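The next block holds one structure in the form of C-alpha cells; read it before the comments.
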Amino acid sequence: MSSKSPHPRIAVFKFASCDGCQLSLLDLEEELLDVVGAVDLVYFPEASRRMAKGPYDIALVEGSITTHHDAEQIQHVRRQSKTLISIGACATAGGIQSLRNWQDVSEYVRTVYAKPDFISTLKMSTPVAEHVPVDLELRGCPIQKHQLLEVLSATLAGRKPNIPTGSVCLECKRQGTACVLVTAGMPCLGPVTQAGCGAICPAFDRPCYGCFGPMESANAPALAQRFRVLGLSQPEIERSFRTYNAWAWQFRRVSEGSAGAPAAGHEGRQP
C-alpha cells in the first residue's frame, strides 16, 4: 500500500480484447461505490485519466498477449504487482483471437493491411499465464460481475474466492431447464464448461457455447464422442470447441483431433 493512502492500490490493464471484462467492474454500479471506498483505484484508463505508477497491490489484467509490446508490458505489470489476476476468456485462454494460432498470421496481415510492413505481431495469441505467473484466473466472456466482486473481496480479505468449479449442467438442473443435449440433440458444451453464466443459453433452447471455459476435470474427449454419436463431423466438432476459449488445453486437444494430451509443440499450461 502507498504511504499516502491506507487502501490497497488497484490497477486495471488491457491487452488484446474487446474491453467487456474490465467494463464489468463499472457494471457493478452501487456495489462499485463500496469497492471504491475500500480501495485506491490508481490506474484504469477505461474509466479515469489517472495513471499512477506502481507498485500495485492488485492488478486486474484483461486480454491476450498478441504483440511483442504486449509480451514486454505484461512482464512489467507482473514486476509491479503483488497480486495479478487475469480476467476473461482472452486473458485466461487466448480469446477468440487465438483462432489465429492455427493459421498463417503473416498471410492474414498481407491480405488485410495495405502496408503490412508496418504491422508487428506475434504468431500466436496466448493467455497471460503463458508469459508470467498468475495468482488467480477469473473466466468468462465476459466475466460475471458478481464473481469479480467476490474475487476482489476475497483477495483483500486474504481468503480463497468462492467461485463455482462445477459445470453449466448443474446450473441447468437447479433451474429446472431441460437438457438440450439429451432432449434436442444439440451439441451443447455445458457438460465441460465451468458454471457462472447462469446457464442462459440452454434456458432459451440453445446449446452452451463454452463462454466460461473448461470446468475442473473437464472430460472434453467424452463429450466430443457424444457429438460424433449425434452425427457431427470432425470439422463441426472442431468449430464447437474453437470459440471463446479455443486455446484452453482441454478444448484444444479435442479440436486438434487428439483424445489424449495436446498436440506436440502445443502443450501449453496444464493444471
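Here is how the numbers come out for the structure above:
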quantity: Under-5 Å amide H pairs with ARG139, H placed in peptide plane, nonlocal only; calculated: GLY88
quantity: Peptide ranges 210-217, 76-83 listed from the most packed, as the mean C-beta count within 10 angstrom indicates; calculated: 210-217, 76-83
quantity: Table column - 3J(HN,Hα) (Hz), the stretch 54-66, Karplus curve with 6.51, -1.76, 1.60, x for Gly and Pro; calculated: x, x, 10, 6, 9, 10, 9, 10, 9, x, 8, 9, 10
quantity: Rounded to 10°, Cα long-axis angle of helix 220-229 versus longest principal axis of the chain; calculated: 30
quantity: Highest average packing first - 39-47, 63-71, Cβ atoms within 10 Å; calculated: 63-71, 39-47
quantity: Helix-only mean residue ellipticity at 222 nm for the chain, each DSSP H run of n ≥ 4 adding -39500 (n - 2.57), per residue, nearest 500; calculated: -9500 deg cm²/dmol
quantity: 24 Å Cα-Cα reach of LYS115 towards lysines, excluding residues that sit fewer than 8 places from it in its own chain; calculated: LYS123
quantity: Neighbour net charge for PHE212 - beta-carbon separation under 12 angstrom, K R +1, D E -1; calculated: -2
quantity: Ranked list, fewest to most other Cβ atoms within 10 Å of each Cβ, for ASP117, ASP34; calculated: ASP117, ASP34
quantity: Euclidean distance between Cα centres, the stretch 169-236 to the stretch 57-82, Å; calculated: 33
quantity: Extension gain, PHE118 back to LEU170 (0.36 nm per residue minus Cα-Cα distance, nm); calculated: 13.9 nm
quantity: Nonlocal amide H pairs with LEU41, under 5 Å, H built at 1.01 Å; calculated: ILE10
quantity: Using a Förster distance of 30 Å, the FRET efficiency for TRP102-ASN162 (Cβ separation, nearest 0.05); calculated: 0.25
quantity: Separation in nanometres of the label points that stand 7 Å from Cα toward Cβ, at ARG49 and THR111; calculated: 4.2
quantity: The chain shape via C-alpha gyration tensor axes, a/c threshold 1.5; calculated: oblate
quantity: DSSP beta bridges in the stretch 9-157 [antiparallel fraction, %, rounded to 5]; calculated: 20
quantity: The stretch 102-107 - phi-based ³J(HN,Hα) in whole Hz, Karplus 6.51/-1.76/1.60, Gly and Pro as x; calculated: 9, 10, 8, 4, 4, 5
quantity: Residues of type aspartates and glutamates that LYS53 reaches as a straight line, Cα spacing below 17 Å, ignoring anything fewer than 8 places off in the same chain; calculated: ASP40, GLU72
quantity: Among beta bridges that DSSP assigns inside the chain, antiparallel share in %, nearest 5; calculated: 25
quantity: Reachable lysines from LYS160, criterion Cα separation under 21 angstrom, eight or more residues apart if same chain; calculated: LYS82, LYS145
quantity: Burial order of peptide ranges 236-245, 199-208 (average beta-carbon count within 10 Å, highest first); calculated: 236-245, 199-208
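No lab work stands behind these numbers, since they all come straight from the coordinates. Not measured: the values here are computed from a predicted model. So basically every Cβ, Gly included, is an ideal-geometry build from the backbone, and we count neighbours across all protein chains shown.
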